[in-house]
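The values are calculated or read from the model by the stated rules, or taken from the named source; none is laboratory data. None of these values were measured; they are calculated from a predicted model. Ideal geometry is used to build each Cβ from the backbone, glycine not excepted, and the neighbour counts take in all protein chains shown.
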Amino acid sequence: MSSIKSFSVELEAPPDAAFTCGEVVSGHVVLELRRETKVFSIKVQGRGVATVHWLENRGLNAVYNDYTSKLTYFRKRQYLIRDNGEATTLPAGRHEFPFSFQLPEETLVTSFEGKHGSIRYWVKVKLHRPWAPVRKTKKEFTVIEPIDINTPTFLAPQAGTKDKMARAWYRNFGQVSVTAKIDRKGYTPGEVIPVFAEFDNSTSRSIVPKAFITQTQTFIARGTMKQKRSVVATLCGDIVGARSRETWHGRAIKIPPVGPSILQCRIIKVEYMLKVCVDVPGTSKLCLELPLVIGTIPLHPFGSRTSSISSHYSLNLDWMRMAIPEQPEPPPDYSSVVTQEEAEQQNNAVSCQPAEDLSGILERPLMAFVQEFRFRPPPVYSEVDPNPQPVNMRPRCMTC
């Protein structure tokens, strides 16, 4: 029977705790012995690593190309019992060895688990004994990169217009146009995005407007990119008849508890997009894309919006009027969101186009610690009284 009853790492933090750059990770190594045991050394290692890996079959000879990339964010090492050439004798019973190390001050990327890569942080302990195999134990922890959406870049409104001629074979059915806008670029999980859109249907057929929030995971290795796309939220509008127009006055689409955007890692990226699309029977889809950034620090209730944003939309009170959230629907497949032409273009771009100069460098549950914030944006300030009193209703001076 082994002399070791148990060997584990315990962190001095709640199980759902998350760390950020510059913070201290502390805990202790627990070693329970059944009898007196000699130990050469106990070593603690703290590491943060981003890895990417996938295989591709090129050709008919079943030859697989291995695409692998690795990026180390930090490496710490600490000896709890140092090897000085002689073994240390530990009596039977429970032993606890405290440890502590500080995370680097520079930005650490958020923990992530994806199909072709991961960003992981852990504490690993190795126990060396005379004439015995090395015993190892490991404890992972979560790191969050703070993304504050209360910055001018993330508070800037996003808007766009796109149109398309609906065709089937050699016949034109008319033009369809989509105009959409949202009040800002940055949001946090749990928030509701009010979508303002106008759908102009000049065709002889009915169209169906929809909105989607998509997530794109990009993995980069050896100058090649591999992407995985999915739909995380959806909104379906009413049918727009032939030669008619439909307007969304703030139709609500809620952000589910997804992981934050990852934009600072050179080999793994997680990006989000709001797509406002139109289904035209007999022809391909028309999609307008508005970029999103999912952050970790929610919108401040007061004093966070810039004066330029407030003044630009102060006269349009419908801009901040939110509709009642609809019943949630299961998200569709990504292939139903993009057009066939866009899918072919994206596949060609991913497979043929080399990545930028990066040579220097969910199948499992997402490890990122995210809070479901429900702050709504504050009302728009206006110096013009929207409900002025009539002149004859104002109180008069008693002396007049």
* Structure fact -> Per the filter on region 40-66, residues of a type in the set (Ser, Thr, Tyr), more than 22 Å from the chain's Cα centre (by Cα) and at pLDDT 95 or above are Ser41
* Asked: Does Thr216 satisfy being surrounded by fewer than 19 Cβ atoms within 10 Å (Cβ to Cβ), closer than 30 Å to Leu55 by Cα and not assigned by TED's automatic domain parsing to the domain that holds Gly114?
  -> yes
* To do: Check whether at least one residue in region 170-186 is more than 19 Å from His249 (Cβ to Cβ), at pLDDT 95 or above and either touching a Lys or Arg at 6+ places or on another chain (Cβ under 7 Å) or surrounded by fewer than 22 Cβ atoms within 10 Å (Cβ to Cβ) (or both), and report yes or no.
  => yes
